[in-house]
Structure formats: C-alpha cells, structure tokens
C-alpha cells in the first residue's frame, strides 16, 4: 500500500468513526459523570480546531495556547473521573 493509499485509508476510518460517534451521541446518560467529562474533552477539541482557524485566518494570537491548555485540563478531568467512577455509577 502506498503512502497516499495509507493516508486515505486512515482518513476514511477517521471519518467513519466520527460519523458513528455523532449518530450515537444522544444515547448518553446525563447522570454519568464520565459522560460529562467526555463532553468537556469534545468541546475542548472543537475549541482547539476553532483556535487554529482563528490564528490562521485572522491572526488572532494566543488562542491555540489557551485552547491547548483547556484540552489538557479536560483530559486530566476525564482521567480522574474514570478513576473515581470506573463503572460509570456515581
């Protein structure tokens, strides 16, 4: 498999995973603290993608650093929450 084919296959898999996650996103339990932590990570990822756009297109400064810091904080909260509620029951 060539590098281009490998990249394309990886992209296709990524798109499939994202679309599958979106299809089932509404089936989460609002009382599960892990779900809330995951939502924070998803929002932080969206904010980071938006920050890249803001810096690249509009020259806005420091947004990538701020968004990266929030993503790292969100990931830390997710890890702690999974450790505290491994069965997803409060």
Next item on the list: Out of the residues in the stretch 37-53 that are surrounded by 15 or more Cβ atoms within 10 Å (Cβ to Cβ) and without any contact (Cβ under 8 Å) to a residue 24 or more places away in the chain, state the one that is nearest to residue 80 (Cα to Cα).
Entry: 39
Margin query: I need the full set of residues from the stretch 22-50 which are touching a helix residue (DSSP H, G or I) at 6+ places or on another chain (Cβ under 7 Å) and within 14 Å of residue 72 (Cα to Cα), in order please.
Written below: 37, 38, 40, 41, 44, 45, 47, 48
Next item on the list: Of the numbered conditions (1) surrounded by 10 or more Cβ atoms within 10 Å (Cβ to Cβ); (2) farther than 30 Å from residue 31 by Cβ, residue 77 fails exactly one; give the number of that condition.
Entry: (2)
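Taken together, the values in this text are just the output of simple stated rules run on the coordinates, not laboratory data. Model, not experiment: these values are computed from the prediction. Cβ coordinates were reconstructed from backbone atoms using ideal geometry, including for glycine residues, and neighbour counts include every protein chain displayed.
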